[in-house]
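The block underneath contains the structure these notes are about, expressed in structure tokens.
Where a number appears in this text, it was derived from the coordinates with a stated rule and is not lab data. Keep in mind that what you see is a predicted model, and the values were worked out from it rather than measured. Ideal geometry is used to build each Cβ from the backbone, glycine not excepted, and the neighbour counts take in all protein chains shown.
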Amino acid sequence: MPLIRKLKIGGVELKNNLALAPMAGITNAAFRALCIEGGAGLVVGEMVSAESIRYANKKSLKLLEVYPSEHPIAAQIFGADPESMALAAKLAQDLGADIVDINAGCPVKKVLRSGSGAALMKEPAILEAIVKKTVKAVTAPVTVKIRCGLTEGEVISPRLARVIEGAGASAITLHGRAASNFHAGPVDYDAMAATAAAVKIPVFGNGGVHTARDAAKILETGCAGVAIGRAAVENPSIFLEIAAGLSGPVHEVTLDPVRRIKLFTRFLELNTALYGGDEGVVRARKLVGYWLKGFPDSSALRGDFMKAAGLNEAKALLLQYMEALSRKA
Ligand SMILES: Cc1cc2nc3c(=O)[nH]c(=O)nc-3n(C[C@H](O)[C@H](O)[C@H](O)COP(=O)(O)O)c2cc1C
């Protein structure tokens, strides 16, 4: 079977098996637009609390907004109460989500304390009830994102995957690290293989993918797809690069670095349109470190960007840097 291929999650057809991984504070509509242009087969919004949706929190409802150009798109919800999760899923679907993803892997203390995120991995019966109730509440396929275990070396994902599949979910994303390791530490490819082998539904392997070879390593475990997080923040066209690198014998394809700066400029424009005023530029500050990773002599630009007040100033800084890069090339 070819490594890069079309994939179906329930009835939702993906043009390829490369998905954007959910990232709170990052995967907004502006960023998603670049990932779609950059070849992602599936994008996902920012994690939303089911309880906050239940109480019609305006900010949370805004996070669930979907634009017509974004399909197929998943909405990720978190919570510990099956009833609230089912309600939130229904609302996410009504607002346009094609897929509803349940977060059962978030290791952040506040989330764990509420019994949601990775805490659900300790409570398979509650996770099962959440999945069952959510599946019943929506026509959209339901997916679940988990870790391989709670602490390093623990592998409970194959068992959990069977519970999740049995409860009616249509796919699983497995972040191949322990919850206690947050987003660092070794990726457990054996756990990916065991999890993919444990179920019939597609498993997306996730963690540390930067290149076509990294993606191939995950797909060779038997995972049907790959989810990409931080590398997409550094370069939203990574999906196209990896798709090209997986066609035929695995090889690396890297697009022109100037293109990445151009993409960031476009992101600023889209983000400004999304939030209005200068807020789009201010909010983009948390991405600039990722975006400029690996670019030569970019620390001054990074510093200046943190102070840039408006869109024009930020764009001028990027243009200047891009011109300097082109002259050197
Ligand atoms: C800033 C940031 C925010 C994240 N937010 C979420 C989230 O809301 N939901 C979730 O399931 N995972 C979240 N993650 C985890 C990612 O989806 C992904 O599993 C992790 O970054 C590993 O993939 P990567 O090595 O490709 O980045 C977040 C990761 C980062 C870096």
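Using helices alone, I'd like the mean residue ellipticity at 222 nm for the chain: each DSSP H run of four-plus residues gives -39500 (n - 2.57), total over residue count, nearest 500. Please report the intermediate quantities before stating the final value.
Details: 15 runs with 153 residues, N = 329.
Mean residue ellipticity, 222 nm, calculated: -13500 deg cm²/dmol.
Comparing H175, H71, H251 in a Gaussian network model of the chain, where Cα atoms under 10 Å apart are tied by springs, the biggest mean-square fluctuation is seen for H251.
Put +1 on the Cβ of each Lys and Arg and -1 on the Cβ of each Asp and Glu in the stretch 257-328; which of A308, L270, V258 then has its Cα farthest toward the positive end of the dipole? Towards the positive end, the residue furthest out is V258.
Charge dipole (Cα centre; +1 on Lys/Arg Cβ, -1 on Asp/Glu Cβ; no other charges) of the stretch 114-154 amounts to roughly 240 debye. Considering only beta bridges that DSSP places wholly inside the chain, some 10 percent are antiparallel. Counting only Cβ charges, +1 for Lys and Arg and -1 for Asp and Glu, the dipole size of the stretch 257-328 around its Cα centre is about 340 debye. Among S60, A329, V138, which residue has its Cα furthest toward the positive end of the charge dipole of the chain, with +1 on Lys/Arg Cβ and -1 on Asp/Glu Cβ? About the Cα centre, the residue reaching furthest to the positive side is S60.
Packing, taken as the mean count of other beta carbons within 10 Å per residue, orders the peptides 16-23, 108-115, 229-236, 32-39 from highest to lowest as 16-23, 229-236, 32-39, 108-115.
If we sort 159-168, 82-91 on the protection proxy, mean other Cβ atoms within 10 Å, highest first, what's the order? Can you show the working numbers first?
Values: 159-168: 18.7, 82-91: 22.3.
My ranking of the peptides, most packed first, is 82-91, 159-168.
Note on the chain: with a GNM built from Cα contacts shorter than 10 Å, the maximum mean-square fluctuation among N312, N271, N206 falls on N312. Computed over the chain with a Gaussian network model linking Cα atoms closer than 10 Å, the most mobile of A300, A119, A178 is A300.
For the stretch 257-328, the Kirkwood estimate of hydrodynamic radius, built from reciprocal distances between every pair of different alpha carbons, is 12.0 Å.
The base-10 log of I(q)/I(0) for the stretch 1-121, evaluated at q = 0.12, 0.21, 0.22 Å⁻¹, reads -0.43, -1.19, -1.26 [Debye formula, identical scatterers on Cα atoms, solvent excluded].
Per Stokes-Einstein, at 4 °C and 1.567 mPa s, what whole-number D in µm² s⁻¹ belongs to the stretch 7-246, with the Kirkwood radius over Cα pairs as the hydrodynamic radius?
Details: Rh = 17.2 Å.
My calculation gives 75 µm²/s for D.
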